[in-house]
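Take a look at the structure below.
Coordinate-derived values only; no laboratory data. Quantities reported herein were computed from a predicted structural model and do not represent experimental measurements. Glycine also receives a Cβ, built like all others from the backbone with ideal geometry; neighbour counts cover every protein chain displayed.
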Amino acid sequence: MLNVLIIEDEEPAAKRLHKMLKEIEPEIVVLENIVSVSSAIKWFSNNSAPQLVFSDIQLSDGLSFDIFKAVEVTSPIIFTTAYDQYAIEAFKVNSIDFLLKPIKKDDLEKAVAKFRKMTAASPTPAIDINKLLQSFNPAGTEYKNASWCDMESISRPST
């Protein structure tokens, strides 16, 4: 199961995205479709973060970037918009993809697969720095006294 949130103020676009997501992965659950910056800020303030967010950029009351300035959104975001001029700004937040409208099913599938691949990667185990250092310098080893680097045993060339 994958919980997603759609932020889209155009009802036909939201319905189309919802339908395509269900075709790609039937186990996707669309938690809600939010239509404005103000309602998105309220939603994020009162709900647990979804696993993934699909967000249009230009909403009825402003740009979706205003949401991310007002509340901390930790979820990965796939932006869906008709305007490519926002691509750079989109990647300054948790964006993992940027899809231009009208969204093609193939592009949406690739974006969801990218999300799945990113979240399937096992987290890096915590490294105990002390154990790591000990593996390079076992206890009791004194490198400056090692016989292989004893300067007196090195013969000097005759001049």
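For the reader, a short list of remarks on this structure follows.
- Cα-Cα over 19 Å, subset of K22/K110; K19/K69; K69/K110; K69/K92; K15/K105; K22/K114: K19/K69; K69/K110
- Modelled label reach - T74, point 7 Å along Cα→Cβ, region 81-123 residues with backbone N closer than 15 Å: 94
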